[in-house]
Amino acid sequence: MTDQTYQPTLSQLRAFVAIAEYRHFGTAATRLGVSQPTLSQALASLENGLGLQLIERSTRRVLVTADGKRLLPQAIATLEAADRFVASAAGLELGGALRLGIIPTVAPYVLPMLLPELRRRMPTLVPHVIEDQTARLLDGLRSGVLDVALLALPADATGLVEIPLYTEEFVLVLPRGHALAGRANLRPADLDALPLLLLDEGHCLRDQTLDLCRASEAQPGAVGDTRAASLATVVQCVAGDLGVTLIPAMAVAAETSRGTLDIATFAAPAPGRTVGLAFRSSTARGDDYDLLAEIIRECRPQ
């Protein structure tokens, strides 16, 4: 039974949250900058004070118990409030740890400009970047493992606030000399019978591309067993004349810079996607995330 007079320390809560996030004591200790025995002692003190087991550990795995899952969001909210308190005292709008989830089709094109800008404008902010597919990012937000996520909207997830940041068009990437190269008036129906290369299952860009084909009744040609986990790989397969692909406009400059590809664009209204920031509606840092959204809008590649 929990001792009602017990007051956990922030260090104990940070140890619990880090272990729950990384499911590995060594990694959690490294992230917090403490030794593994110190981390283990902080967790043990927290569990003893609460009279509850929060983490189940063995030689092979680390699991969050039912009580741990129940209390994890509150532990995270407490740490968020503490970080915000310290930042406010220092006259800073956003500081402390920020666990930012980001989808793979956005990360390589936004982070090179975003991270330096965050360092310049918010020197006390400590971002931790987690790149993953949309479904896992949403799970991370709901469970409290992530603070915010940069992904394609709408996410259609309950309990989350969504801030649209920008809309970008899709561009068709083609092998050099393709018959459609240079076209600026494509229609989605023109994708019919083309050998369309897609990202692997789980990537939202794959789903968006297939939705576009279904909406226009286009039936792309078969592309065999070619599968890719990144836009870079898909584009290189196009360069190797394995097919064509759709990529977001933001990625065009980086992914076609080798000069062995051509592009074609769509007539208005061009198909595309909206990218935005999502976070829990229960968080106390909503105003901070509004500011983060403004910074992302300002420094994203055009």
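The values are calculated or read from the model by the stated rules, or taken from the named source; none is laboratory data. Fair warning: this is a prediction, and the values are worked out from it, not measured in the lab. Cβ placement follows ideal geometry from the backbone for every residue including glycine, while neighbour counts extend to all protein chains displayed. These accessible areas exclude ligands, DNA and RNA; they are computed on the full protein's heavy atoms, side chains included. Shrake-Rupley method; radii C 1.70, N 1.55, O 1.52, S 1.80 Å.
Within the range 129-150, residues that are over 18 Å from R23 (Cβ atoms) have Cβ atoms under 6 Å from residues that are part of a helix (DSSP H, G or I) in these pairs: T134/C204; V148/Y289; A149/L137; A149/L141, counting only partners at least 6 apart in sequence or on another chain. Sort out which residues of the range 148-165 are under 22 Å from A77 (Cβ atoms) and at pLDDT below 90, and write them in order of number. Within the range 148-165, A155, A157, T158, G159 meet the criteria. Restricting to the range 229-285, name every residue that is among the charged types (D, E, K, R) and closer than 11 Å to V171 by Cα. D262 - this is the single residue of the range 229-285 that is among the charged types (D, E, K, R) and closer than 11 Å to V171 by Cα. One residue stands out in the range 244-271 among those that are in contact with a Phe, Trp or Tyr (Cβ under 8 Å, 6 or more places away or on another chain) and open to solvent by 40 Å² or more (accessible area, probe 1.4 Å): the one that is nearest to P195 (Cα to Cα), namely A249.
The set of residues in the range 106-125 that are more than 22 Å from A152 (Cα to Cα) and open to solvent by 70 Å² or more (accessible area, probe 1.4 Å) comprises R119, R120, R121, P123. Among residues of the range 272-302 being closer than 16 Å to V148 by Cα and of a type in the set (S, T, N, Q), the one that is most open to solvent (accessible area, probe 1.4 Å) is S282.
Scan the range 1-30 and report the pairs whose first residue is under 17 Å from G140 (Cα atoms) and touching a residue at least 12 places away in the same chain (Cβ under 8 Å) and whose second residue is of a type outside the set (F, W, Y) and in a loop (DSSP other than H, G, I, E, B), with Cβ atoms within less than 7 Å and a gap of 6+ or a chain change. Correct list of pairs: F16/L54; E21/V145.
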